[in-house]
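See structure below.
The values are calculated or read from the model by the stated rules, or taken from the named source; none is laboratory data. As the structure is a prediction and not an experimental result, all values here were calculated from the model. For neighbour counting, all protein chains shown are included, and Cβ atoms are generated from backbone atoms with ideal geometry for every residue, glycine included. Quick note on the areas: whole protein, heavy atoms, side chains included, nothing else; ligands and nucleic acids left out. Shrake-Rupley method; radii C 1.70, N 1.55, O 1.52, S 1.80 Å.
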Amino acid sequence: MADHPHVVIVGAGFGGLTAAKRLERADVDVTLVDRHNYHSFQPLLYQVATAGLNAADVGYAVRGVFRRQHRVRFLKAQVTGVDWAAGHLLLRDEPPLDFDHLILAAGSSTNWFGVPGAAEFAFPLYGLEDAVRVRNHLLSLFEAADALPGLVDDGVLNLVVVGGGPTGVEVAGAMAELVDKVLRQDFHDLDVRRARIILVEQAPQLLTPFSERSRRYARETLEARGVEVRLGRAVTSVASDHLTLDDGSTLRTRLVLWAAGVRASGLADHLALPQGRGGRVVVGPDLSIPGHPDAYAIGDLADIDDGRGGRLPQLAQVAIQGGAHAAEQILATIGRRPRTSFRYLDKGTMATIGRRAAVAELPGGIKLTGGVAWLAWLGLHLVYLLGVRNRMSVFVNWAWNYLTWDRGPRLILRPEVLPHSPHPISDGAMASRNGPVPLADDAGGGPL
């Protein structure tokens, strides 16, 4: 590999994969590093969490992406930092990795905003492991209530989603469909109608980046489907059996799903680099890191100027376009051509609420709601999903659900003690006491 410039890419998310694909046929050697051996299609994780899809449907082996590209090497390892002077990527329990050019695409992690108890008792939804853990716990709560009906009075069927952005809205809508259309049929002796889905948002509206029309449609649709929407309320603490709001009120619950926001991956805190809002790495106009012209930060990890005094959002399209741009700048440097500034092309934003209900805001001022927006959302996500098998499996699952209202893998892979333990990692702890964790298709984790 020493005969060609060596490009190291950290992270196999949208940005990292895009950069690697752009470089796969160039006269460079590429090493793609991620602590997991698969790419997670994050926009569909909520469907894994609500028993709509299998985890294998939204994950794809990284080695499979580049099986025919021998210039691209994949290394499953955990990055701990960078030795900038020596040009080494530091890895846990492995020798350092030399690089000539570096692309940091390590993504983001859950932002708990310093809320007491949130990290201990709330459930994030960022990786495949998170999604499976939420599904395990959600279904375990209904099993517990079926076995011990008195638990319903203690809030065991109160499902709270914190955060009214696209993820929170999508999760709340999917939970409402799962409870009303599926679990009511599964649990014959349990009054599933007593279950509550509560969406808490600090802002005075849902879907803040969207137009007022889309916000209003999202709220009215969720409420029509049985979701309780509480706006203008912030969570001040989370405990094992309740959460507290800023007005002093409490909600009894054993499931708090945290969709309130993300921050840069924890790797950003160990790079000795200037950081912006949310821990994101400060970058220049061409996405290179100031002081390190051969290193780039992209996607959720990067603090990118939007040209209007703000910062670009942490969206998949920003990562995809940033990955392509960083790869082009490396090729320009190698070819002794001038670099160019990054220009983000806004292709619009979408959020689905459930069957035949979504919002989409596209370039040119086009705003869609309802069934048309929902079909557009379905089609777009199928296009961007990796792997023909994955696309076919997801399409079949969606078609089956649409025709029958049935859901797929309502499986509890890591049983919890009844009535249950509410701690997010309790399922893993129970599995270690009861024997090895089953290595099913849902085993795995999220991106860096």
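Structural remarks
- Compared with the dominant principal axis of the Cα atoms in the chain, helix 212-224 is inclined by about 40°.
- With Cα atoms, 0 to 90° folded angle of helix 316-334 axis to the chain main axis: 10 degrees
- Antiparallel content of DSSP bridges confined to the chain, in %, to 5: 50 percent
- Residues whose amide H falls under 5 Å from that of S108, counting only those 5 or more places apart or on a different chain, are S265, with hydrogens built in the peptide plane.
- Packing around the peptides 172-178, 344-350, taken as the average count of other Cβ atoms within 10 Å per residue, puts them in this order, highest first: 172-178, 344-350.
- Heavy-atom accessible area, probed at 1.4 angstrom with all protein chains present, ranks T369, T208 as T208, T369, highest first.
- Beta bridge orientation in segment 75-216: antiparallel %, DSSP, nearest 5: 60 percent
- The chain, relative contact order in percent, only Cα pairs under 8 angstrom and at least six apart counted: 22 percent
- Among V161, V79, V256: highest mean-square fluctuation, GNM of the chain, C-alpha pairs under 10 Å: V79
- Helix 388-404 axis, angle to the chain major axis (alpha carbon atoms, nearest 10°): 20 degrees
- Solvent-accessible area of S108 with every protein chain in place, 1.4 Å probe, in Å² to the nearest 10: 0 Å²
- Electrostatic dipole magnitude of segment 123-194 [Cβ: Lys, Arg +1; Asp, Glu -1; Cα centre; debye, to 20]: 160 debye
- Note, ³J(HN,Hα) from phi for segment 55-62, Karplus 6.51, -1.76, 1.60, rounded to Hz, x at Gly and Pro: 4, 5, 6, 10, x, 9, 4, 4
- Karplus 3J(HN,Hα) series, Hz, for segment 185-192 with 6.51 cos²θ - 1.76 cosθ + 1.60 (x for Gly, Pro): 7, 6, 9, 6, 9, 10, 7, 5
- The alpha carbons of the chain occupy a box of 70, 54, 44 Å along the principal axes, longest dimension given first.
- Comparing T110, T352, T333 in a Gaussian network model of the chain, where Cα atoms under 10 Å apart are tied by springs, the biggest mean-square fluctuation is seen for T333.
- Nearby lysines by direct alpha-carbon distance to K367 (threshold 22 angstrom, same-chain neighbours under 8 apart not counted): K347
- Under 5 Å from the amide H of S237 lie the amide H atoms of T244, each residue being 5 or more positions distant or on a separate chain, with H modelled from the backbone and absent for Pro and chain starts.
- With all protein chains modelled, accessible area of F14 [1.4 Å, Å²]: 40 Å²
- Computed extension gain for H292 through S341, at 0.36 nm per residue and net of the alpha carbon distance, reaches 16.0 nm.
- Taking the average, over residues, of other Cβ atoms within 10 Å as the packing measure, peptides 293-302, 261-270 rank 293-302, 261-270 from highest down.
- Top of R407, R133, R254 by mean-square fluctuation, Gaussian network on the chain, Cα under 10 Å: R407
- Values of log10 I(q)/I(0), in the order q = 0.20, 0.23 Å⁻¹, for segment 304-409 under a Debye, Cα-only, solvent-free model: -1.11, -1.25
- Dipole magnitude of segment 356-420 about its Cα centre (Cβ charges: Lys, Arg +1; Asp, Glu -1), debye to nearest 20: 120 debye
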